[in-house]
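Below is one structure, written out as structure tokens; comments come after it.
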Amino acid sequence: MLIRFRCSRCRRALSVAARQAGRPMNCPRCKVEIIVPAASTPPVRNSATAVPVAGQATRSANLAPAASHDSAEGSTALIERPSNPMTRHAMVAVAIGCFVFVAAGGTAIGAWAGWRHFATSREARIDDSQCIPENGDDVRLTDAAPPAKTSEVFETSEVCTPLDQPATGTPEEEMTLEEQSPKAGAPRVKPGPEKARPMGAGNLVIKRRKDVSEEELRKYLLWSPEITMTPDDIPNVADAFLARVYTANKEQKGVNLEPTYIQARLPEFKTLPYRRGYAHLIDLKSKQELQSLGRELHTLLDRLAAREEDYRPNAVRLGEFLKAEKGRDQKPTWLRPEAVPTLQQVLGHEDLAVRLLLVDLLTRIDGRGASLALVQHAVFDVSPEMRDAAIKGLDARPREQYRSALLAALRYPWAPAADHAAEALVALRDADAAPLLVKLLKEPDPSAPVLKRDGPWKREVVRINHTDNCLACHPPAWLGDDPVQRVVTGFTVVNNRTVVPTSSLTPAAQTIVESGGVVKVPSIRPAERNGPYSRGPRLTTTSATALTVRGDITYLRQDFSMQQPVRVPATGQTVDLRFDYIVRFRPLTEKQTREWKSQANRPAEYEQREAVLFALRALTGQDPGPTTEAWEKLYPQSEFESLTADLTTALVGAPDYQKLAVTKKLRDGKGAEYTLALAQAIPQLAEAFQEKARAALVERMKRMSVMTLRAKLADENHEIRRAAASASGSKEDTALIPDLTALIADPDAAVAEAAAAALKALRNREPSTDDGGD
């Protein structure tokens, strides 16, 4: 069912699904924010005998096929004035009679209800001019419009929306906070003093360290060096991989999938952080999810974009589909942790409305993967609205899922990313991160050169054109059964051996190849006079198909992506292209080395350190000074807690094929930080690895002395108490019995069960006493 209404500013006829009633959206023509009414508004009457509703007929052609019938009825709605005066008088009389009948019935019902519930009705009577308050905790980002541009706080007060008509007035981008307040007669909520609130309770306060506009951030990123493949490089790289395939088939060995063939032909790409071994592979289940979901999402975006005037996907329709679609098991298809990589890769660089929809979807998805995706938008997105929405999505999540990612962003070479990470930590009020921040004060400038054996090296952010560099991140799909294939635009494979530009083919062949087909043309192979067996000319078939890459192997993983304007020299027009940003490690040139050595007195302050100090002062409410020593006096255990956090992140963030090896290292490591890291990592691991980690923690406890074990039985971490109780059962010291007896009443059922089992084991080892003898 559709709701039809008009834009309050440009009067354009609009229609949306009924489920969007009461939600804000942006007009596709004038971009003003409007509230979808609860029901369709009546068409504008005209004095003519038959006047079609303006704008409906042209818009109905862009609607989905399922809604074409309804939109056609709305587009041909005619308003006819009866010509007979008697008929008009009769219709007016009938209308007046119906109105009087309804009014009399309503009055009677109201009088009866007032007589029955006089006291209650007086308290519940509400003025018609009042608005409906929405709970700030339930406010979600909509599919069509970004949140209001507030530089410091989220909208957590009551939002008033008229009941009978869409909101009108100035576009939200041009409204001040006073202009956004409701009209006279509506209740106004004044912001009160800031109070402490539990995690996930809303009421976030965003404090900006620097007021940098979106345009300035984009310009800064446009200055970063660009690394790209030229059209002449692509055939060379593809032929190099094909040579590997032929060699492997000839020697009956597996194909070497390492990216060394790229670095051998493109020296500039040697500085990029290429992943090796199993790091660039994904498991079979993720491969299947990426193949099916990626194809489906790309098809959906193409269909939605084709119906829009500017050929961009409509966020409202896209959100309706992604939130409502279910698989065969009746579970949401796009609200699962397995869908996060596809959503992030396909939608993460789109326009603001689609990115806000992405954050809304990620907020609804549980798991560490969705939390890390939200951190990526909270740190690297250039839009303040987008960063604020991502921070709000993180507020209701366990801090252990995203704290390490925010701390790592404080060491990013692009200084604004550190500012955004510090703002997120402050907004989320993660006071437990303070000791870890103190440890970061000791770190050097992440953008400063580092001296190695072969000279100084420097970390810097570079950008890669996503469309022109498919072969820089993925190998060609030439093994026959390659999954997740994507087309390399502008290049064709001839006879499965040679890569040529698609423009070298005939126009008819280009159309077939670009549409995904295969061109087969009969041709004559020239004579071969060399060799022991000479051959004359013979008829053969030449096949041509588009060059593709396999997406299940990724050599480079971008830190973030965004669309940047690029001028096309041929036409002189500016188009938006996707760029992937990544940090590389490159050696300094001779000139840069001389300049670096000439700077004898380099200041110790740098932007990332100032961001850390900003977060520390805001989280602790103290300011002992800018020196590291002053902050270490407040947090003397910062070194220990930082090392523990690093070990925990190493286990939780390790790929599945490495988790057992990392667990073994934590089991055999010496130091209390290894014990605590194992205990902190267990709740964050999948069930398949939790038992392995618990067994490793028990093995550590068995090597401890009885005195140390008694202290662990009283530890505040329930995983440590559980492991200590299990390890106590292997000891033969009855001094542990009183401590284990006290754990029988532990609030954690698993700890109490482990203590009971250990008590039983210890009592079975007690020597039996024989009283007969005197």
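The values are calculated or read from the model by the stated rules, or taken from the named source; none is laboratory data. Keep in mind the model is a prediction, meaning the values are calculated, not measured. Note: ideal-geometry Cβ built from the backbone for every residue, glycine included; neighbour counts use all protein chains shown. Side chains are part of the model used for accessible areas, which takes the heavy atoms of the whole protein and leaves out ligands, DNA and RNA. Shrake-Rupley method; radii C 1.70, N 1.55, O 1.52, S 1.80 Å.
Less than 12 Å Cβ to Cβ from GLN658, Lys/Arg counted +1 and Asp/Glu -1: what total charge do the surrounding residues give?
+2
For a quick check: with amide H placed at 1.01 Å from N, whose amide H comes under 5 Å from LEU547's, ignoring anything fewer than 5 positions away on the same chain?
Amide H neighbours of LEU547, under 5 Å, 5+ apart: VAL488, PHE491, THR492, VAL493.
Could you sort GLU296, GLU753, GLU673 by accessible area so the largest value comes first, with the probe set to 1.4 Å?
GLU753, GLU296, GLU673
Would you grab the residues whose amide H sits under 5 Å from the one on GLN485? Only those 5+ places off in sequence or on another chain, please, with H modelled 1.01 Å from N.
Result for GLN485 returns GLY551.
On a 27 Å Cα-Cα criterion, which of the cross-link pairs LYS670/LYS692; LYS326/LYS692; LYS270/LYS591; LYS207/LYS442; LYS207/LYS659; LYS692/LYS731 come out too long?
LYS326/LYS692; LYS207/LYS659
Order the peptides 552-558, 266-272 from the highest to the lowest mean number of other Cβ atoms within 10 Å of their residues.
Going by the mean number of other Cβ atoms within 10 Å, highest first, we get 552-558, 266-272.
In square angstrom, rounded to the nearest 10, how much accessible surface does LYS664 have for a 1.4 Å probe?
Roughly 110 Å² of LYS664 is accessible to a 1.4 Å probe.
For LYS285, project a label point 7 Å along Cα to C-beta. Then give me every residue of segment 327-350 with its amide nitrogen under 12 Å of that point.
Label zone hits: 337-339.
Once phi is turned into ³J(HN,Hα) by the Karplus curve 6.51 cos²θ - 1.76 cosθ + 1.60 with θ = phi - 60°, what whole-Hz value does each residue of segment 434-444 show in order, with x for glycine and proline?
Listing the rounded values in order: 4, x, 6, 5, 4, 5, 5, 5, 7, 6, x Hz.
FRET efficiency for LYS591 and GLU214, Cβ-Cβ distance as r, R0 = 30 Å, nearest 0.05?
With R0 = 30 Å, the Cβ-Cβ based efficiency is 0.30.
How do ASP559, ASP646 rank by accessible surface area computed with a 1.4 Å probe, from largest to smallest?
Sorted by accessible area, descending: ASP646, ASP559.
Multiply the residue separation of TYR246 and ARG295 by 0.36 nm, subtract the distance between their alpha-carbon atoms, and state the gained length in nm to one decimal.
Here the segment from TYR246 to ARG295 would lengthen by 14.7 nm.
What distance in nm lies between label points placed 7 Å from Cα along the C-beta direction at ARG312 and THR467?
Calculated label separation equals 1.6 nm.
Spelling out what I want: for every residue of segment 678-689, take phi, set θ = phi - 60°, compute 6.51 cos²θ - 1.76 cosθ + 1.60 (Karplus), and round to whole Hz; glycine and proline get x.
4, 5, 6, 7, 4, x, 8, 8, 5, 4, 5, 9
To the nearest 20 debye, what is the magnitude of the charge dipole of segment 670-739 about its Cα centre, counting +1 on the Cβ of each Lys and Arg and -1 on the Cβ of each Asp and Glu?
My answer is approximately 180 debye.
Could you give the length gained on full extension between MET707 and ALA431, defined as 0.36 nm per residue of separation minus the Cα-Cα distance, in nm?
96.1 nm
For THR542, which sequence-distant residues (separation of 5 or more, or a different chain) have an amide H within less than 5 Å of its own amide H, given hydrogens modelled in the peptide plane?
VAL521, SER523
According to a simple spin-label model (label point 7 Å from Cα along Cα-to-Cβ), what is the distance in nm between ALA749 and ARG303?
Placing both labels 7 Å beyond Cα along the Cβ direction yields 4.6 nm.
Explain nothing, just the number: dipole magnitude of segment 572-724 about its Cα centre with +1 on each Lys and Arg Cβ and -1 on each Asp and Glu Cβ, in debye rounded to the nearest 20.
Computed about the Cα centre, the dipole is about 720 debye.
Determine how large the accessible area of HIS474 is when every protein chain is in place; take a 1.4 Å probe and give Å² rounded to the nearest 10.
Per-residue accessible area (HIS474): approximately 40 Å².
Ranked highest first by the average count of other Cβ atoms within 10 Å around their residues, in what order do 489-501, 349-361, 625-637 fall?
349-361, 489-501, 625-637
Given 0.36 nm per residue, what is the gain on full extension from ASP232 to ALA21 after removing their alpha carbon distance, in nm?
70.5 nm
So, counting K/R as plus one and D/E as minus one, what does the shell of residues with Cβ under 10 Å around THR228 add up to?
Counting the neighbours of THR228, the net charge comes to -3.
For the pair ALA324 and VAL521, what calculated FRET efficiency results from E = 1/(1 + (r/R0)^6), where r is the Cβ-Cβ distance and R0 = 56 Å, to the nearest 0.05?
It comes to 0.75.
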